[in-house]
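Just so it is clear, none of the values below were taken in a lab; they were calculated from the coordinates. As the structure is a computational prediction, the values presented were derived from the model and not from experiment. Please note: Cβ atoms are built from the backbone with ideal geometry, for glycine as well, and neighbour counts cover all protein chains shown.
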Amino acid sequence: MADLTRIAKGAVVTFGLTVVGLGLNYLYNILMARWLGPSLFGAYNAGLAVFNIVGLLALLGLDNAVLRYLPVVQPAALGPLARDITVLGILSSVLIGTLTYAGHSWFIAFIDGDNYLNQIIPYFIVAVPAYVTGTIFLSILQSQHRVHLRLVTKYLIEPITKFAVFLGLSFFGYTLVAALLGFIVSNFVTAMLGICGGISLLGSTSVAGSGGASVKKRSILRYCLPLVSGLLLSSIGTRSDVILISHLNSASDAGLYSAANQTAAILVIILVCVESVVAPYISDFIAKGDAPGLKRLYCTSLRWVYLMGLPLFFTFEFYGRQILGIFGDQFLEAQPCFQILAAAQMINLATGSANSILIFSGKSSVIMMNSALEGVLQLWLNMVLIPKYGILGAALGGAAVMAVINILRLMEVYYIFGLHPYRPGLVRPLFLCMGIWYGLELLGDHFERFTGFHRIAIFLLTAAVGVVLAGFEKEDWLMVRSGFQRIAFVRYVRG
């Protein structure tokens, strides 16, 4: 009983900050979509897709190396190791950014791409060094359990910065440029805050003194290079949808698809939030060979992610038209894509932290094979389906690949560690949500005012309460009570 009352200090704050950040980012995307329109919104997202590929390559998987090595090295080695990883990241970002800038015009001309990419991509390239540096330092904070600093920076300060720059410049008529500059400035702000937080953390723990890092640069690169090679293939495949849609169809279609995809991706933020808390402990349990602790963490984190995601998923499925209508009537055409992508993201949630377990167990070759398979399969399906079915084909291809890869990761964790996160009680909330929706639909037929967003709000609230009552176990109630008392979650999972 005493163990169950020792829950992550700040778990409630963590979820609160994530919800606020999610809301701000979503409002920002809505504002951009409405002010830019589908065409310019699609152009922006095509450039963003290129940035994500370049940024991933420049990052070299060093954020994963931070979470892999920093939680388990000796305190005196933290400072030198963090410095080595940061230097590798800065050098890589400058080199990759320079090469991308030098070759982007030639490549766009080679593929007969739209000219707007020539104008947009240089803006995104400017942000690459800041993105890499900020990501590494935020991972350093995360590795030492300073999750709140990371969340405040990523989910509060960064979207507020984008809002401020975009709104300030848009009033002068520079809408697309305002969005691009907002992206650049927010990345630099994140980098500066991450650096300040990281330096303060390392200084306060007195680890910046003498003592060489116990992990050499060669070992870091040996861990990262297979990882990033697979992730790069995966990123090219998964980001190729927006690029191919804008190239083969139109920037307007890319904008419709981006609105659907970004809204569906709200679901995965729940998983990201939970993993930002538990990732260092997954690494710690694996390093210490604590199989019972790892299994307990695996099951608990999946149950919470699944239960939090389920009401939102059914809201997306049952009321997709009303939700996409927030972007504007032009975006209603993307409703089928939105519902398909939401189903794929729910599968992602329902497989839990399987990928993190593989990463932090040092299974770089397995991650590389998974990522390579994901990228190749996604690129092939996009090239086959998008020319024939447009944005619907992109959604179908993306959903199929996401389902296959997540199930594969689940099977690999079970084969390697003998772990799976499922319990019979997870089925009850699924049927309960469908029953609540059916009951509300019957009521809506008898009450004329029971329509639109009133029905959505009532369904979401009722489903959330129902899921808690149907899916929570005894230990979950203890976690909630302790969470509001600000007692550390990590001590619970260590129990």
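Quick notes
- Length added when fully stretched, Ser365-Val427, from 0.36 nm per residue minus Cα-Cα: 18.9 nm
- Nearest-0.05 FRET efficiency for Phe171 and Asp290, computed from C-beta distance (R0 60 Å): 0.60
- Using θ = phi - 60° in the Karplus curve 6.51 cos²θ - 1.76 cosθ + 1.60, the 3J(HN,Hα) couplings for the stretch 233-242 round to 4, 4, 5, 4, x, 6, 8, 5, 4, 5 Hz; x is entered for Gly and Pro.
- Here the extension length gained between Cys196 and Ser105 equals 29.2 nm, from 0.36 nm per residue of separation less the Cα-Cα distance.
- Neighbourhood net charge (15 Å Cβ-Cβ; Lys/Arg +1, Asp/Glu -1) for Gly194: +2
- Residue by residue, the stretch 424-435 carries 3J(HN,Hα) couplings of x, x, 6, 6, 4, x, 4, 6, 5, 4, 5, x Hz when phi is fed to the Karplus relation 6.51 cos²θ - 1.76 cosθ + 1.60 (θ = phi - 60°); x denotes Gly or Pro.
- Here the relative contact order of the stretch 121-206, from alpha carbon pairs under 8 Å that lie six or more residues apart, stands at 45 percent.
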